[in-house]
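This report refers to the structure that appears directly beneath it.
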Amino acid sequence: DRAIGHQAAEHLLRNGFTQFGFVGYRGVYWSDHRCDGFREAVESAGGTCDMFMSESMAASRCELRSWDRELDQMAEWLKALPKPVGVMAATDFRAVQVLDACRQAGVAVPEQVAVIGVDDEEVVRELAHPPLSSIRTNAEQVGYRAAEMLAMLMAGNEPPVRKLFVKPLGVAARQSTDLTAIEDPVVAKAMSFIRREACRGINVEDVLRHLSISRSVIQRRFRKQLGRTVHDEIIATRVGRTKELLAQTDLSLSQIAERVGIAHIEYLSAMFKRRTGLTLSAYRRSTRRALRAARGRRGSSVSHSTTYTQANP
């Protein structure tokens with residue numbers, strides 16, 4: 001669990017954040033250990049970390065404060081944090097709660113608050129908006145090793161170790177953290193609009209009207225903050241969404257083009273290859289091969305002599 005916290009912090013640090021927050025459950029050992037790992041990595045890099053902790057269902061015998069009341073408190077906490085800030089939640093479910101609180105507080109994700117959860121749960125991914133970055137805990141390997149140790153005990157043997165740690169698989173990065181920390185509020189507002197509307201066919205003129213700002217001013221601020229133009233960011237957002245749809249759905253290429261706001265599949269194909277070096281079909285094949293290979297690795301055995309880091313029990 002400490003390694004899970006470390007991985008979340010390292011992901012946010014790589015994106016340029018210096019202010020951090022952690023949302024978890026008070027007195028729950030795996031949440032506390034994740035918090036400790038997160039804070040250790042943040043503080044060793046010179047960052048600061050604030051915390052929002054509440055009682056878990058188990059700790060409070062299901063006497064949880066209402067969702068709405070906690071959302072109000074979390075929204076106030078988020079509004080008070082220095083921006084931009086990277087926030088780790090102890091679980092994906094907790095991260096969805098943070099995303100709800102961000103909407104209530106009127107802060108943009110990921111431009112002002114980047115959010116990362118834990119478990120990479122498919123059901124939670126469907127609930128999250130924007131799509132949630134998450135630490136993959138390798139829970140399948142936890143179950144495999146538990147069964148292996150149980151078999152040894154049932155056979156009358158002692159397992160080689162009494163406490164076994166399983167290394168988390170790493171970050172599944174998605175839109176909730178897919179942004180370098182932005183200090184310029186105008187650029188942050190533009191990015192929020194682009195992330196929300198890019199796949200509805202907007203162009204640079206739409207961004208200018210939304211901000212009530214001149215083209216020269218916004219382009220200058222974009223280049224200073226991000227090193228790219230407004231048009232570049234619109235295209236990058238569409239390409240990112242195209243990658244998600246190719247990897248995660250069986251939609252036809254024409255259906256994908258429609259969903260990313262592009263009228264002609266030929267234009268999408270040319271744009272995608274120019275940005276990635278791959279055709280749409282080649283990218284879909286390569287990502288599915290990689291997914292099958294990862295599943296195979298997760299199901300394989302590993303040596304007892306290796307040192308591991310604890311995952312979510």
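Any read-out appearing in this document is the output of simple, stated calculations on the displayed coordinates, not a laboratory observation. Owing to the predicted nature of the structure, the values given are computational and were not obtained by experimental measurement. In this analysis, Cβ positions are derived from the backbone assuming ideal geometry, glycine residues included, and neighbour counts consider all displayed protein chains.
Okay, here's what the table says:
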quantity	calculated
L127 paired with M152, simple spin-label distance in nm, labels 7 Å along Cα-to-beta-carbon	3.7
Extent along principal axes [Cα atoms of the stretch 193-235; Å; largest to smallest]	26, 20, 12
Rg and Dmax [Cα atoms of the chain; Å; Rg one decimal, Dmax integer]	21.6, 76
E205/Q255 FRET efficiency (R0 45 Å; Cβ-Cβ; nearest 0.05)	0.95
Label-to-label distance, nm, for residues given as E266 and R103 (7 Å Cα→Cβ offset)	4.0
The stretch 119-175 versus the stretch 200-223: alpha-carbon centroid distance in Å	44
Rg and Dmax [Cα atoms of the stretch 1-155; Å; Rg one decimal, Dmax integer]	16.3, 58
Mean Cα-pair separation over length for the chain, i.e. relative contact order, pairs under 8 Å, 6 or more apart, %	18
Sequence-separation-based contact order of the stretch 180-263, relative, with Cα cut under 8 Å and 6+ spacing, percent	38
Length-normalised contact order of the stretch 81-194 in % [C-alpha pairs under 8 Å, at least 6 apart]	32
Set of lysines with alpha-carbon distance to K273 below 25 Å, sequence-local pairs under 8 removed	K243
Protection-proxy order for peptides 115-126, 145-156, each taking the mean of Cβ atoms within 10 Å per residue, highest first	115-126, 145-156
Equivalent ellipsoid, the stretch 162-247 (semi-axes from 5 times Cα gyration tensor eigenvalues, Å)	32, 16, 10
Linear extension gain, R69 paired with K224, 0.36 nm per residue minus alpha-carbon span	51.8 nm
q = 0.24, 0.27, 0.28 Å⁻¹: log10 I(q)/I(0) that the Debye formula gives for the stretch 133-201, counting C-alpha atoms only	-1.04, -1.15, -1.18
Part-to-part distance (alpha-carbon centres) for the stretch 2-31 and the stretch 67-113, which is given in Å	14
Square roots of 5 times each gyration tensor eigenvalue, C-alpha, the stretch 171-299, largest first, Å	30, 18, 12
Sorted peptide list for 133-140, 267-274, 84-91, 98-105, criterion being average Cβ within 10 angstrom, highest first	84-91, 133-140, 98-105, 267-274
